[in-house]
1. Just checking, which of 461, 439, 447 is in contact with a helix residue (DSSP H, G or I) (Cβ under 9 Å, 6 or more places away or on another chain), at pLDDT 80 or above and under 30 Å from residue 311 (Cβ atoms)?
2. Among the candidates 331, 293, which residue alone is under 25 Å from residue 243 (Cβ atoms) and in contact with a helix residue (DSSP H, G or I) (Cβ under 6 Å, 6 or more places away or on another chain)?
3. Which numbered condition in (1) modelled with pLDDT of 90 or more; (2) surrounded by 17 or more Cβ atoms within 10 Å (Cβ to Cβ); (3) not in a helix (DSSP H, G or I) is the only one that residue 330 fails?
4. Looking at residue 187 and the list (1) under 21 Å from residue 39 (Cα atoms); (2) modelled with pLDDT under 90, which single condition is not satisfied?
5. Report yes if residue 217 is closer than 30 Å to residue 320 by Cβ, modelled with pLDDT under 80, assigned by TED's automatic domain parsing to the domain that holds residue 84 and surrounded by fewer than 23 Cβ atoms within 10 Å (Cβ to Cβ), otherwise no.
6. On the given criteria, is residue 349 at pLDDT 90 or above, under 20 Å from the mean Cα position of the chain (by Cα) and in a helix (DSSP H, G or I)?
7. What are the pairs, 6+ residues apart or on separate chains, where a residue within segment 465-488 that is at positive phi has its Cβ under 9 Å from a residue that is assigned to a helix (DSSP H, G or I)?
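The values are calculated or read from the model by the stated rules, or taken from the named source; none is laboratory data. A quick note: this is a predicted structure, and the numbers were derived from the prediction, not measured. So basically every Cβ, Gly included, is an ideal-geometry build from the backbone, and we count neighbours across all protein chains shown.
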């Protein structure tokens, strides 16, 4: 992988004195640093079963899990070109002809423990792969932010989808290190370049309707590339960063939002959904037709669900093929690495699974602005939610009464009156919905409105009938009055 190979790709000839882009590594001095926490892992078997394609990259492999797969090899040449482009962007007088792997060798020992599996890769091969993958990601992000004007013949949407797969990740810390090695402090050397956290934020949050003020990377700087505690990271990889921007509370960044990442459970430790207590509410169509419950789009930061006075408000969810894949990967990520009470997407999808039984429910929620379905049919969307909802493992706590229920999905299945993340669990939301549904007054009033006001003509007929009844009553009243009090 030398500069001549890259020059051939770009249609130019390389100077004879150019040296390889990736410099051979020296043997590591030691490998004593290990870690019991594994942050990048494969999807749990019970979720991946019969859905393996949702976790496999279609265009580009990132990291060791799918490295070397034959169908993904064409993108390896593009990675070389991306590295060459970034090297040419280095500040004048600071260009060198190679990436010295030696500078990253020590960092590799912080990288290996991020993976649960052991890979048959030499140290220099692993570091070379991580550097190439990091350069590719940085080049894609800068192109997305329109910083690099050189055209890349790739489908940006599909590449972004691959970069957000659970099994297609490298440590975010390594990407940051490569970025600042390339450009040092971009605010000084190249004022037009964004910081890595700003560039990543625009890329990760593209098309995200529930974007929050997440500060998961704010402490990274050229002077401190490795946080004080690399064992307790706010964001370990790109998918984790997407999760953070979606779910972190808007009240601010604090220690309690740093996620202690857990080791992936074994098959014996996984609580399958069939063993969980069932919490059932009626589907959206029945709630609407029988009790008059309506659904509205909720415009605010974070994944929140509120219910008050017969109105359930939820953030809008766009459903297409890429979004389906992303949701499956987020649920797999939460089930293996996020604490039970912070599984945001698991909670949100479980609520939608309860509300959606058929295409009629999808159509109702789309008319309400809660879902925007671009799949070929509403039936396909309903099938997806019913299937993936089976993997949303949620434990139901003791019930407590609340006058008003607000479920904040940024701390899943929690209920808030003033969005306080320290109150009761989500069962109050279901209890309030069931209580409203079972109210005789609500059901009778809804039945009356559906029966007599379901169309304009029905409403006009009712109005005409009531008017005639009132006129008949007045006529009878005056007739009786005339009998007892005749005019003189």
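1. Values: 461 fails: at pLDDT 80 or above; 447 fails: at pLDDT 80 or above.
Going through 461, 439, 447 in turn, just one is in contact with a helix residue (DSSP H, G or I) (Cβ under 9 Å, 6 or more places away or on another chain), at pLDDT 80 or above and under 30 Å from residue 311 (Cβ atoms): 439.
2. Working: 293 fails: under 25 Å from residue 243 (Cβ atoms).
None of the other options fit; the residue is 331.
3. Checking residue 330 against (1) modelled with pLDDT of 90 or more; (2) surrounded by 17 or more Cβ atoms within 10 Å (Cβ to Cβ); (3) not in a helix (DSSP H, G or I), the one that fails is (3).
4. Only one criterion is unmet by residue 187, namely (1).
5. Numbers: closer than 30 Å to residue 320 by Cβ: yes; modelled with pLDDT under 80: yes; assigned by TED's automatic domain parsing to the domain that holds residue 84: yes; surrounded by fewer than 23 Cβ atoms within 10 Å (Cβ to Cβ): yes.
Yes; evaluated as a whole, the condition is true for this residue.
6. On the way: at pLDDT 90 or above: no; under 20 Å from the mean Cα position of the chain (by Cα): yes; in a helix (DSSP H, G or I): yes.
So residue 349 does not fit the description; no.
7. As it stands, the answer is none, since no pair meets every condition given.
Results for (1) out of contact with any strand residue (DSSP E or B) (no Cβ under 6 Å at 6 or more places or on another chain); (2) at pLDDT 85 or above; (3) more than 15 Å from residue 79 (Cα to Cα), shown as yes or no for each residue.
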| site | (1), (2), (3) |
| --- | --- |
| 120 | yes, no, yes |
| 129 | yes, yes, no |
| 133 | yes, yes, no |
| 139 | yes, yes, no |
| 149 | yes, no, yes |
| 155 | yes, yes, no |
| 162 | yes, yes, no |
| 172 | yes, yes, yes |
